[in-house]
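Rule-based calculations on the coordinates, nothing more; no lab input. These figures come from a predicted structure and were not determined experimentally. When we count neighbours, we look across all protein chains shown, and the Cβ atoms used for this are built from the backbone with ideal geometry, even at glycine.
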Amino acid sequence: MRQIYSAEHPTEAHMVKGILETNGIECEVRGDTLFGARGELPLTIETAPSVWVVDERRYEDARRIIQQYEAANAGELAAKEKWNCSACGEILESQFTHCWQCGKAR
Ligand SMILES: [Zn+2]
């Protein structure tokens with residue numbers, strides 16, 4: 001067993017596990033059961049949910065897959081560009097289809 005990924009929350013840990021398993025790499029999530037008690041625990045490597053590769057020989061493969069996943073995530077974030085309202089000039093996040101300031105459609 002070797003730790004491959006330290007997630008910020010259990011959902012992310014399970015998502016990474018799903019991606020690895022889709023690629024035929026057996027892995028386990030650890031620490032997600034502690035999440036409910038996080039309020040009383042300091043945020044450390046021990047308490048953060050993590051993903052472990054069962055077969056250490058697959059570690060390098062898993063590493064590569066996670067890097068691709070992270071690169072895809074970064075690309076997604078970059079795609080979410082802000083836009084300017086043509087009526088009032090307000091700068092809006094990409095998820096808004098209308099200006100919250102003056103109501104004009106994008
Ligand atoms: Zn506007």
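Quick check: the distance between the Cα centres of segment 85-104 and segment 1-33, to the nearest angstrom? Using only Cα atoms, the two centres lie 38 Å from each other.
The alpha-carbon of Lys104 sits under 20 angstrom from the alpha-carbons of these aspartates and glutamates, leaving out residues fewer than 8 places away in its chain: Glu81, Glu90, Glu93. Relative protection proxy for 81-92, 20-31, from highest mean packing down: 20-31, 81-92 (other beta-carbon atoms within 10 angstrom). In terms of packing, defined here as the mean over residues of other Cβ atoms within 10 angstrom, the peptides 4-12, 97-105 line up highest first as 4-12, 97-105.
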